[in-house]
1. Which ranges mark the helices (runs of 4 or more DSSP H) fully within the stretch 13-86 that have 2 or more residues being farther than 20 Å from Gly3 by Cβ?
2. Any residue in the stretch 52-80 that's farther than 20 Å from Gly30 by Cβ: show its pairings with residues that are in a helix (DSSP H, G or I) at Cβ separation under 6 Å, as long as the two are six or more apart or on different chains.
3. Hey, does the stretch 62-81 have a residue that's surrounded by 11 or more Cβ atoms within 10 Å (Cβ to Cβ), of a type in the set (Ser, Thr, Tyr), within 13 Å of the chain's Cα centre (by Cα) and at pLDDT below 95?
4. Considering Gln12, Gln4, Gln33, which residue is at negative phi, surrounded by 12 or more Cβ atoms within 10 Å (Cβ to Cβ), out of contact with any Ser or Thr (no Cβ under 8 Å at 6 or more places or on another chain) and without any contact (Cβ under 8 Å) to a residue 12 or more places away in the chain?
Amino acid sequence: MVGQAWRDGARQARLARALPMVDVLSVDLGSAQSAGEVLRETGGSDVVDALVALATRPGDQVLTSDPGDIGALLGARRIPATVVLV
């Protein structure tokens, strides 16, 4: 979710260069409900992390500043993905 990291485009050249490699997905009611359910399951509270975990596919790389939370969400979904600390 770009909104978690984007603050000042003039100062985020590295993030801007990575955006063409990012899939942009819409969130619908079903996705929001699924995010809430995975948060209940893991005891998490960050809806954006839950949505990222739901969108992650086997073999994906997830870039995050909070590898513990996203790792727990991916573990609950049993998704083999690489979590990369940024």
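The values are calculated or read from the model by the stated rules, or taken from the named source; none is laboratory data. Just so it is clear, the structure is predicted and the values come from calculations on it, not from any experiment. No Cβ is skipped: glycine too gets one built from the backbone with ideal geometry, and neighbour counts run over all protein chains shown.
1. So the answer is 29-42, 67-77.
2. If the second residue must be in a helix (DSSP H, G or I), the pairs left are Val62/Ile70; Thr64/Ile70; Asp69/Asp49; Ile70/Asp49; Ala72/Thr42.
3. yes
4. Values: Gln4 fails: without any contact (Cβ under 8 Å) to a residue 12 or more places away in the chain; Gln33 fails: surrounded by 12 or more Cβ atoms within 10 Å (Cβ to Cβ).
Just a single option satisfies the conditions, and that option is Gln12.
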